[in-house]
Amino acid sequence: MGVDTGEKGGAPVQAPAQKDEEGGSKAVRNTAIATGGAGCLLFPLGLAGGTVIVIVFCGFGVLLAPLIAIYLLFHGGGGGGDVPGPSDASSVLAVFQGDGQGDLDTSTVPEDLAEPIQKAGELCGAIGPIVIASQLEKASGFNASLVGPDGKQGISQLPPDVFTKYGKDDDDNGKTSALDAKDSIMAQGRYMCDLADQAQKMIDANEAAGSVLDLALAGYGVGMDAVRAAKGVPNTNEAQGYVAAVRAQFAKYAGVAAVPSSTPTPSGVQTSLPTAVPTGSLTPSA
């Protein structure tokens, strides 16, 4: 219950009190992340029961979108769950900043899609099944019949020309279709591996800076020509927002933290892609 230092009619204005603890919790969950200065941002990850875990991200952008949502740290998202400690936050952040490798928690994806996601994530060493699953949620929410803008179809929402190049009859039903989930997922895997290969060559030639995964994800989101021109992940809402939004799902599909299905995945928000978060930056306070 703070006091507004500004004056109205010569008297300080008392800020309204929150109605109750539940109301405060909802307000926190729905509050956008405040803009940081010169690429650094304080991000409150765990807010419940009076506990605040603050992580400082420093990167090349200005704003980290609420991509590792507060719910990420609550297994199942229940209001009565235990408040996560610094070790839980560290695990989530490590996965968020990682290379997307590791085992896919198959319980987090539709049962009939677990196999093609696994296979698509085994096509090359740079792209794992966790990355594929995270992209699928971002693209379509696992809706294999989705018809999107600009002729995009299917679970991966690949542009028609991209699917034509990378799509095959992977489900052996006698046709190659973006509306066949397996065909679409495998095409996505091949495309991502191609982008990762291009990214590695750019890094080796000192034509771009960043990780192979981030460059490949940015290439998937905005095109590799834009990545090449920017010599890294373009400093745009679309490019950085896509990379960070996909990364925000890594912990879920790695089985590190459960995200309720009602938790939105933000997009189109300029983000500061984290490089490294020192252990000392996890600072719980009462």
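Selection of the range 232-253 for residues being assigned to a loop (DSSP other than H, G, I, E, B), at pLDDT 95 or above and small (Gly, Ala, Ser) yields only 232. Which one is nearest to residue 251 (Cα to Cα) among residues in the range 90-120 that are in contact with a Leu (Cβ under 7 Å, 6 or more places away or on another chain), in contact (Cβ under 8 Å) with a residue 40 or more places away in the chain and not hydroxyl-bearing (Ser, Thr, Tyr)? Top of the filtered list is 92.
Residue pairs whose Cβ atoms lie under 6 Å apart, separated by 6 or more positions or on different chains, with the first residue in the range 193-217 and modelled with pLDDT of 95 or more and the second of a type in the set (Lys, Arg) and open to solvent by 40 Å² or more (accessible area, probe 1.4 Å), are 208/231. Summed over the range 131-174, residues that are of a type in the set (Asp, Glu), within 25 Å of residue 102 (Cα to Cα) and in a helix (DSSP H, G or I) total 1.
Taking the range 143-165 as the range and being open to solvent by less than 40 Å² (accessible area, probe 1.4 Å) and either basic (Lys, Arg) or under 28 Å from residue 107 (Cβ atoms) (or both) as the test, the residues that pass are 144, 148, 154, 155, 156, 157, 158. Does residue 129 count as at pLDDT below 95, at negative phi and either more than 18 Å from the chain's Cα centre (by Cα) or surrounded by 17 or more Cβ atoms within 10 Å (Cβ to Cβ) (or both)? No: the conditions fail for residue 129.
The values are calculated or read from the model by the stated rules, or taken from the named source; none is laboratory data. If you're wondering where the values come from, they're calculated on a predicted model, not measured in any experiment. Cβ atoms come from the backbone with ideal geometry, glycine included; neighbour counts cover every protein chain shown. Surface areas here come from the heavy atoms of the whole protein model, side chains and all, with no ligands, DNA or RNA. Shrake-Rupley method; radii C 1.70, N 1.55, O 1.52, S 1.80 Å.
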